[in-house]
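Here is the structure we will look at.
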Amino acid sequence: MTAAISVTTIVDVDRQDAFEVFTRETDSWWRRGPRFRFLPDVPATLRFEGEAGGRLIEVDEAGSEFEVGRILVWKPGELLRFEFRALRFEPGQTTEVEVRFEPVPGGTRVSIDHRGWESLAEDHPARHGLTGPAFDDMISVWWGDLLVSLLRRAGLRSA
Amino acid sequence: MAAAARHIDDTFAALADPTRRRVVELLRKRPYRAGELSGAFGMSAPAMSRHLRVLRNRGLIEEQRVDDDARIRVYRLRRERFDELQRWLETVESFWADQLSAFKRHAERTRPRKRR
């Protein structure tokens, strides 16, 4: 089972630039507010630190940090893959985000797949409506790739 | 929210089984009688009945009487349960869609345009 959640856009810059903006200017474009940030109550910076083996972290001014996940694949201009953990995930639980950069006539197609929902244990508290920063809404209702795929295949989505 | 989460857990548990997933796919097209379903799957009536009970107890399908004959019942999908799933999917998708559009604006503002 592969892609769970997929979104895509075409950006009017070349793929190296697109990759650089995504990974080196993350804090400038990553939206702010509790829906999008992990440390939403204080001014904080979200950044990819290092390359493969590095981390995606959010750090506040006092120096406390939240590690979103490790960087798994780092291929400038092509492919980025990183772990994605929200605040309430327990050790060993993670989802995975893959970002692909492909050249197209209008610029670069940037596609994001977010998968691995099945790694959250069935009794995980994050699945049951606790409120909190970025992604709690989403993980409060845990879901498996399997089901997402079923919904797609069966056309049960109205979209 | 908690109720919706609970429902979605139920939905997942019910659909963890491949036969039940295929039943759901069939019921998407039209209501079926239990006998038609066991026939379609080459399965004994009691075995199919167990699957239907799980789907019904978890709220994914419901039994309905056919107008003129109380003995005949058909099973149909409960659409609302799938609508909850759809809303969850849309929440996650809109998270990334919003991020990507913010990313696109920033990239196109700060980098040379490739086109033209």
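Here's the list of lysines a cross-link from B:Lys104 could span, going by alpha-carbon distance under 30 Å and ignoring same-chain residues fewer than 8 apart: A:Lys75, B:Lys114. Please grab the % of Cα pairs in the stretch A:34-90 that end up more than 15 Å from each other. The answer is 49 percent, as a whole percent. Multiplying the residue separation of B:Arg71 and B:Ser94 by 0.36 nm and removing their Cα-Cα distance gives an extension gain of 3.6 nm. With the simple spin-label model, which puts each label point 7 Å out from Cα in the Cβ direction, the A:Ile10 to A:Glu102 separation comes to 1.2 nm. Taking only the C-alpha atoms of the stretch B:2-110, Rg followed by Dmax gives 19.3, 70 Å. Each part gets one Cα centre, and for the stretch A:93-114 versus the stretch B:35-60 those centres are 41 Å apart.
Quick note: the coordinates plus some simple rules give every number you see, no bench work behind them. Since this is a predicted model, take the numbers as computed values, not measurements. FYI the Cβ positions are ideal-geometry reconstructions off the backbone, even for glycines, and counts take in every protein chain you see.
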